[in-house]
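In what follows, a structure is listed as structure tokens, so that the remarks can point back to it.
The values are calculated or read from the model by the stated rules, or taken from the named source; none is laboratory data. Keep in mind that this is a model prediction, so the values were computed, not measured. Using ideal geometry, Cβ is built from the backbone for each residue, glycine included, and neighbour counts are taken over all protein chains shown. What goes into the accessible areas is simple: the full protein's heavy atoms, side chains included, and nothing from ligands, DNA or RNA. Shrake-Rupley method; radii C 1.70, N 1.55, O 1.52, S 1.80 Å.
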Amino acid sequence: MVKVPIGKEVEINLWDSKKKHGMVKYFTDTMDLVRAESEFSLKKGDSAIVVESYDSFVVVVPEDEYTQLLHGSHLDGIDIQGLNELIYKLLKERIKDTGGILSFDELWSIFKRSSIQSVITKKHLKKAIKIRQSSFDRIKDDGDTIVALKPQECLNDITQIVRHSSNTSYVTKDFLQSTLHWSDLRIERILDYLTKEGRCRVEDSFRTGTRYYMKFS
């Protein structure tokens with residue numbers, strides 16, 4: 001009988017993708033075939049990581065950017081700095097859809113569908129978000145924790161707002177929200193950034209609300 005240590009890499013061999021079980025190859029000085037199962041979609045040739053091990057049987061998860069965060073003899077630890085960097089990557093991947101903004105609950109939902117769902121905790125996530133030298137911002141919005149790319153990285157959002165401002169003397173948050181269908185926070189962060197950079201002038205003395213005048217020269 002073969003008992004594969006937890007944390008070892010194996011290769012998916014014969015696999016029933018519907019029943020999510022089959023055989024995996026485990027390489028040491030020899031090659032052994034071991035029965036396996038997984039909650040995740042896998043196919044022949046995929047690399048996987050052993051997260052539970054019994055005599056001649058293992059439970060595996062796909063080897064991916066999430067499992068690279070695992071450490072410890074029982075894979076019960078998380079690389080917090082690595083988690084912080086992965087959060088930044090997830091924000092970058094969603095920049096067109098969300099403006100690089102995710103709530104804590106949205107972020108938690110992503111990780112709870114990932115290959116490390118059984119290991120990661122909200123405590124891990126909170127620690128990663130609080131790292132001071134993060135490449136992203138941590139914001140409190142109506143009591144919710146939000147993580148967001150720094151506004152200067154959201155070039156598409158900046159371009160969109162400037163473009164919608166070019167055909168009118170000024171814009172308002174309400175106008176941009178109705179036109180772009182973005183969240184208030186997404187719009188406010190870009191307008192605040194443009195104002196701080198001197199590319200936008202703000203007038204808040206109007207009864208109809210604050211006006212933003214773009215500077216194009």
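Give the residue that is nearest to D79 (Cα to Cα), with candidates limited to residues of region 127-149 that are surrounded by 14 or more Cβ atoms within 10 Å (Cβ to Cβ) and of a type in the set (K, R).
K127
Restricting to region 160-172, what's the tally of residues that are surrounded by fewer than 16 Cβ atoms within 10 Å (Cβ to Cβ) and in a helix (DSSP H, G or I)?
Of the residues in region 160-172, 2 are surrounded by fewer than 16 Cβ atoms within 10 Å (Cβ to Cβ) and in a helix (DSSP H, G or I).
What's the total number of residues in region 29-45 that are within 16 Å of Q117 (Cβ to Cβ) and open to solvent by 40 Å² or more (accessible area, probe 1.4 Å)?
3
Of everything in region 46-73, what is touching a Gly at 6+ places or on another chain (Cβ under 8 Å) and surrounded by fewer than 18 Cβ atoms within 10 Å (Cβ to Cβ)? Give them in sequence order.
Q68, H71, S73
Condition first: more than 24 Å from I95 (Cα to Cα), surrounded by 12 or more Cβ atoms within 10 Å (Cβ to Cβ) and of a type in the set (S, T, Y). Now tell me which residues in region 190-214 satisfy that.
T210, Y213
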